[in-house]
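To start, the structure under review is shown below, and the notes come after it.
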Amino acid sequence: MSADAALIAHLMDVLRPLGGVAARRMFGGAGLFRDGLMFGLISDEELYLKADAETVADFEAEGLGPFTYGTKSGDRVLTSYWRAPERLLDDDDEMREWCRRSAGVASRAAKKKSGGMKPAGQKAEAEKSAEKKPVTRSPEAARTRRSRARRNG
């Protein structure tokens, strides 16, 4: 078992009480998901947790930095994921708390991306307006299309 696999197995065991947590291999590492939303990543035997404006100060206070990876054109910084404190690996309750907050970050980001939750009435109106309406073409457009087809066909 690789070190990343051992870390994943440990995290799955520790995070089981949160419910809905899964790990998926990706890009030589793994992603941690809760209810389908990625809240953590594992790369080179390090755990990184999703952060936003509300939580990044916690990582900074611990002296931790964002996830960085190398490319042909130099290092890239992914500021939405920050290295988790190593001490969390020895404290299951605190690990769950940090992961719960990171899952909350992922949830807020998904709501922001989708425009947030809409009340039922607004949702129904949005769905009605999104329904496909029949396309009506003028007789002139149909004639033009037929004559093009005769020329090209």
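Scanning the stretch 38-59 for residues that are surrounded by 13 or more Cβ atoms within 10 Å (Cβ to Cβ) and over 19 Å from R108 (Cβ atoms) yields I42, S43, E46, L47. Of the residues A5, A9, the single one that is in a helix (DSSP H, G or I), over 21 Å from E94 (Cβ atoms) and without any contact (Cβ under 8 Å) to a residue 12 or more places away in the chain is A5. Give G74, G40, G36, G29 a once-over and let me know the one that is in contact with a Ser or Thr (Cβ under 9 Å, 6 or more places away or on another chain) and either over 12 Å from C99 (Cα atoms) or free of Cβ contacts under 8 Å to residues at least 40 places away in the same chain (or both). The match here is G29. Checking each residue in the stretch 108-117 for being loosely packed, with under 13 Cβ neighbours inside 10 Å and either touching a residue at least 60 places away in the same chain (Cβ under 8 Å) or part of a helix (DSSP H, G or I) (or both) picks out K111, K112, K113.
In the set (1) surrounded by fewer than 19 Cβ atoms within 10 Å (Cβ to Cβ); (2) touching a helix residue (DSSP H, G or I) at 6+ places or on another chain (Cβ under 7 Å), E62 fails one condition alone, (2).
For the stretch 17-29, the criterion of being surrounded by 16 or more Cβ atoms within 10 Å (Cβ to Cβ) and either out of contact with any Lys or Arg (no Cβ under 8 Å at 6 or more places or on another chain) or of a type in the set (D, E) (or both) is met by at least one residue. I'm checking my understanding of the structure. Among residues of the stretch 67-107 that are surrounded by fewer than 17 Cβ atoms within 10 Å (Cβ to Cβ) and among the basic types (K, R), which one is modelled with the lowest pLDDT? Filtering the stretch 67-107 for residues that are surrounded by fewer than 17 Cβ atoms within 10 Å (Cβ to Cβ) and among the basic types (K, R), the one modelled with the lowest pLDDT comes out as R76.
The values are calculated or read from the model by the stated rules, or taken from the named source; none is laboratory data. Everything numeric here is computed off the predicted structure, so don't read it as measured data. For neighbour counting, all protein chains shown are included, and Cβ atoms are generated from backbone atoms with ideal geometry for every residue, glycine included.
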